[in-house]
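Below is one structure, written out as structure tokens; the observations come after it.
The values are calculated or read from the model by the stated rules, or taken from the named source; none is laboratory data. Because the structure is a prediction, the values reported are computed rather than measured. With ideal geometry, Cβ positions are generated from the backbone for all residues, glycine too; neighbour counts draw on all protein chains shown.
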Amino acid sequence: MNQSTAVTETSTEKAKTGLDIHEILKILPHRYPFLLIDRVLELTRKQRIVAIKNVTFNEPFFMGHFPGLPIMPGVLIVEAIAQAGGALLLTEVEDRSEKIMVFTGIERARFRRPVGPGDQLRLEVELKGWREVPGMVAAKMHGQAFVGDRRVAEATVSCQLIDSSRGRASNDINGEAES
């Protein structure tokens, strides 16, 4: 990666400040049951996003995590942070329908309080760095998750933008590529 750009206030501009679920579905490739943000409350281009996830008792993961004491898995809270960050970054990509954001790293993940049915998870994600070279975009973001005014989790995530067709080659049953 030849070029590294620190994100500063002077390199950003205000854009639309919120997104509803229909707009989120146009940006992110995730779908039920793995779409983990319901609304974007604030969005400052190439800088910051605030999104929410309404946690309901009907979430599929509560059936086994844990019966009688439903707790949202911490890895899914980190995924929600990453999806909020993905919504922030993918708004900058013109051909986003042909791209997908993938994790390249998770650092300093901390889980402070359990999240359960009825909680509203507020995800605050800040862009810490953005690198772009021909054919590749990478970013590092720090996210915090809150229920009310209490921080319940946080993590620094790194991701990379790749072609959505990458790794999806057609193979026959014997593993030989089709011509």
If we scan the range 113-128, do we find a residue that is out of contact with any Gly (no Cβ under 9 Å at 6 or more places or on another chain), over 24 Å from Leu41 (Cα atoms) and either at pLDDT 90 or above or not hydroxyl-bearing (Ser, Thr, Tyr) (or both)? no
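Yes/no per residue for (1) buried (at least 19 other Cβ atoms within 10 Å of the Cβ); (2) of a type in the set (Ser, Thr, Tyr); (3) over 20 Å from Lys140 (Cβ atoms); (4) touching a strand residue (DSSP E or B) at 6+ places or on another chain (Cβ under 6 Å):
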residue: Thr17; (1), (2), (3), (4): no, yes, yes, yes
residue: Ile21; (1), (2), (3), (4): no, no, yes, no
residue: Pro33; (1), (2), (3), (4): no, no, yes, no
residue: Arg48; (1), (2), (3), (4): no, no, no, yes
residue: Ile81; (1), (2), (3), (4): yes, no, no, yes
residue: Thr104; (1), (2), (3), (4): no, yes, no, yes
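Residue by residue, here is whether (1) surrounded by fewer than 18 Cβ atoms within 10 Å (Cβ to Cβ); (2) closer than 14 Å to Gly85 by Cβ; (3) in contact with a Pro (Cβ under 9 Å, 6 or more places away or on another chain); (4) hydrophobic (A, V, I, L, M, F, W, C) holds:
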site: Arg112; (1), (2), (3), (4): yes, no, no, no
site: Gly118; (1), (2), (3), (4): yes, no, no, no
site: Glu124; (1), (2), (3), (4): no, yes, no, no
site: Leu127; (1), (2), (3), (4): no, yes, no, yes
site: Glu132; (1), (2), (3), (4): yes, no, no, no
site: Lys140; (1), (2), (3), (4): no, yes, no, no
site: Ala145; (1), (2), (3), (4): no, yes, no, yes
site: Thr156; (1), (2), (3), (4): yes, yes, no, no
site: Cys159; (1), (2), (3), (4): no, yes, no, yes
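When you scan the range 115-138, do you find a residue that is out of contact with any helix residue (DSSP H, G or I) (no Cβ under 7 Å at 6 or more places or on another chain) and in a helix (DSSP H, G or I), even just one?
So the first thing to find is which residues in the range 115-138 are out of contact with any helix residue (DSSP H, G or I) (no Cβ under 7 Å at 6 or more places or on another chain), and the list is 116, 118-120, 122, 124, 126, 128-138.
Going one step further and asking which of them are in a helix (DSSP H, G or I), we end up with none.
There is no residue in the range 115-138 that is out of contact with any helix residue (DSSP H, G or I) (no Cβ under 7 Å at 6 or more places or on another chain) and in a helix (DSSP H, G or I).
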Which pairs turn up if I take residues in the range 59-82 that are touching a residue at least 24 places away in the same chain (Cβ under 8 Å) and look for partners that are surrounded by fewer than 13 Cβ atoms within 10 Å (Cβ to Cβ) with beta carbon separation below 6 Å, at least 6 apart in sequence or on another chain? Pro60/Pro33
